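In what follows, a structure is listed as structure tokens, so that the remarks can point back to it.
Laboratory data are not the source of any read-out in this text; all were calculated from the coordinates shown. Just so you know, these numbers come straight off a predicted model, no measurement behind them. Counting neighbours? That spans all protein chains shown, and the Cβs are built from the backbone with ideal geometry, glycine included.
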Amino acid sequence: MEKNDERRIDYEEIKRLLHDNAEVGFKHTTYREESERFHLLLNGDMRAVEESSRLLSSEMQGTLSKDPLRNAKYLFVVNTGLLTRYMIEGGIPQETVYATSDLYIQKADTAKSIDEVNSLNRELWTFCVDLVKKHVKSEHYSKVVYICLDYIDTHFNQKITLKDLSDRTGLNACYLAVLFKKETGVSFGNYLTDYRVDVSKALLSKTDHSYSRIAYSLGFCSQSHFTQVFRKRTGLTPKQYRLKFYNSDLSGVFVHVNSSK
């Protein structure tokens, strides 16, 4: 027998665990309970936060590790994975959802206590409920404008022109510009600039990247141009902003998503 086969779980072990669970009367969270929790989430109902806290326990979800803290982290990862799928199915931009999930899982991985993991879970679900609320408010966007917003969401660090959006949607560029401003309240150019400034805020407060690196990574033609635009939008230079907000709360990382308008 190969070495790997010695560690392979067989059906006898599964039956043994089923027996042990039955003896103590343990049952996992039902699919219906999971669905109800995510139904609350996708309706922007804050009760989803309380439900997520209640269900994030070995009494409800089972034991994935005999080490209590590691078990809490594993349960956090499993539940965050489910949350991610439901958020995407609910129409939240995929990359925003995955970025959120990745950041919180990384944070949970370094947690020093079960209380810290539970606190992260509440923070994550609160953020996601708020994100859903913003998304619901944006549902008046036409399919064409939503395509534009989704494209900006994943290409904001590249050169984007109205022609790019025109080619993608099949609409005349001039007509698309009028439609975009009518539905979002701002011109395409201002929307893209505001988006990039919002992302730069996160980079200034959460990383040690140089100002020039941030500028060029977000599509600004020079560091001086970035500074000029940033100051006009925020009233602060990038340096002043970093000094004021560096290493601020985790939620500051989650910036301008296309559903927030």
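When peptides 229-240, 76-87, 104-115 are sorted by average Cβ neighbour count within 10 Å, with the highest value leading, the order is 76-87, 229-240, 104-115.
For a 22 Å ceiling on Cα separation, which of these pairs sit above it: LYS133/LYS244; LYS163/LYS206; LYS206/LYS239; LYS133/LYS159? With Cα atoms farther than 22 Å apart: LYS133/LYS244; LYS163/LYS206; LYS133/LYS159. DSSP loop (so not H, G, I, E, B), at most 16 other Cβ within 10 Å: list which GluC sites (Glu not before Pro) in region 79-180 pass both filters. Answer by residue number: GLU139.
In this structure, the amide hydrogen of LEU218, modeled 1.01 Å from its nitrogen in the peptide plane, lies closer than 5 angstrom to no residue at least 5 positions away or on a different chain.
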